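Inspection log for the structure reproduced underneath, given as structure tokens.
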Amino acid sequence: MLKRMQELGFVAVELNLYLDTHPNDAKALEQYNLIHHEIRQLQMKMDEQCGPSKGFGHSMNVGNTWQWAEQPWPWEM
Amino acid sequence: MWIYEKRLEYPVCVTGKNIRLAKWVITQYGGPDGELAASLRYLNQRYSMPTEETRALLNDIGTEELAHLEIVGTIVHKLTKDASVEELKAAGLGGHYADHDRALFYTDATGNPWTAAYIQAKGDPIADLTEDMAAEQKARATYNWLINLSDDPLVTDVLRFLREREIVHFQRFGEALNHVQELFATKKFY
């Protein structure tokens, strides 16, 4: 799931930078929104199964302890 | 505002401890053409950019560079975290150990600390975007030299990804520069 998120995230970064200099490209705009929906769905699934992926209120904490600090950091994986 | 996402932009695996390689790769963390310099340069220049397009591009590339800083930091950490003092000494990192133990620090490959003198903000979008394009080429060349030095194929794979990103950023900055030049050419000053 993490690998899939890295793939989707990479497509989103690429489209974002491309749209910054091609703001009227209809096809790229459509692809950007499609990727946005896929990322949102996958993030909800990942957060449920693996703990919060984003801080500052963008992911839910499940359980009685602070999962954000308990789960490993990217450089520990 | 930035939101932290608890993942790397590109996965980092290393074959094993490799202090010598870490000593070279650190330059993309805190060296003159490294990711810290890149990110801080773009995020700072965005305030004085003249168009929607250039403000967005500097904001977004500056943000992606922070993700690259995290990737380079992860490589160095993984290559050095289990090093003994003897191994650090043998690889020429005795001085680093004296000042920082096994902590990361913003230095180039020969230990010089990061300085804001590496970057500039001229307030002139042509000058700034041209500097940004040069910065991307210097970073790409640095990744080339690091790939030549690397004896760990897993690290080389990550370095290739990062080198490719410099090429994409160069392309985007070039497009932005063209648009700004066209805009200035159509403006008449009397």
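All of the numbers you see were taken from the coordinates with simple rules; none came from a lab. Computed from a prediction, not measured in an experiment: that's the story for all the values here. Note that each Cβ is placed from the backbone with ideal geometry, even for glycine, and that neighbours are counted across all protein chains shown.
Add +1 for every Lys or Arg and -1 for every Asp or Glu among the other residues with Cβ under 12 Å from the Cβ of B:ALA109, and state the total.
Value of the local net charge: 0.
Rounded if a/c is under 1.5, else prolate if a/b is larger than b/c, else oblate: which is the protein assembly as shown, with a ≥ b ≥ c the root eigenvalues of its Cα gyration tensor?
Oblate, since a/c reaches 1.5 and b/c is not below a/b.
Counting Lys +1, Arg +1, Asp -1, Glu -1, what net charge surrounds B:GLN120 among other residues with beta carbon under 9 Å of its beta carbon?
With Lys, Arg at +1 and Asp, Glu at -1, the neighbours total 0.
Under 17 Å Cα to Cα from B:LYS78, which aspartates and glutamates show up? Leave out anything in the same chain fewer than 8 places away.
Answer for B:LYS78, where 17 Å is the Cα cut-off: A:GLU76, B:GLU9, B:GLU70, B:GLU87, B:ASP101, B:ASP151, B:ASP152, B:ASP157, listed by chain and number.
Could you give me the ³J(HN,Hα) list for region B:34-41, computed from phi with Karplus coefficients 6.51, -1.76, 1.60 and θ = phi - 60°, whole Hz, x at Gly and Pro?
Per-residue couplings from phi come out as x, 6, 5, 4, 4, 4, 5, 4 Hz.
Considering the dipole of region B:34-190 built from charges on the beta carbon (Lys and Arg +1, Asp and Glu -1) around the Cα centre, which of B:ALA109, B:ALA38, B:ALA91 is farthest to its positive end?
With unit charges placed on the Cβ atoms, the residue in question is B:ALA38.
Going through region B:1-38, which chymotrypsin sites (Phe, Trp or Tyr not before Pro) have at most 15 other Cβ atoms within 10 Å and a DSSP loop state?
Working: sites: B:TRP2, B:TYR4, B:TRP24, B:TYR29; in loops: B:TRP2, B:TYR4.
The qualifying sites are B:TRP2, B:TYR4.
Multiplying the sequence separation of B:ARG20 and B:TRP145 by 0.36 nm and subtracting their Cα-Cα distance, what value in nm do you get?
Full extension from B:ARG20 to B:TRP145 adds 43.6 nm.
Please give me, ordered by residue number, the trypsin sites (Lys or Arg not before Pro) of region B:161-190 that lie in loop per DSSP and have at most 12 other Cβ atoms within 10 Å.
Sparse-neighbourhood loop trypsin sites (Lys or Arg not before Pro): B:LYS187, B:LYS188.
Counting only other chains, what is the mean number of Cβ atoms within 10 angstrom of the Cβ of each residue in peptide A:8-17?
4
What's the extension gain from B:VAL85 to B:ARG102 if we count 0.36 nm per residue and subtract their Cα-Cα distance?
5.2 nm
Provide B:THR27, B:THR15 in ascending order of the number of other Cβ atoms located within 10 Å of each residue's Cβ, fewest first. Working shown, then result.
Details: B:THR27 20, B:THR15 13.
The fewest-first ordering by Cβ neighbours comes to B:THR15, B:THR27.
Along region A:40-45, what does the Karplus equation 6.51 cos²θ - 1.76 cosθ + 1.60 (θ = phi - 60°) give for ³J(HN,Hα), rounded to whole Hz, x for Gly and Pro?
Residue by residue, region A:40-45 yields 4, 5, 5, 4, 4, 5 Hz.
For every other residue with a beta carbon closer than 11 angstrom to the beta carbon of B:LYS78, add +1 if it is Lys or Arg and -1 if Asp or Glu, then tell me the sum.
Neighbourhood net charge equals -1.
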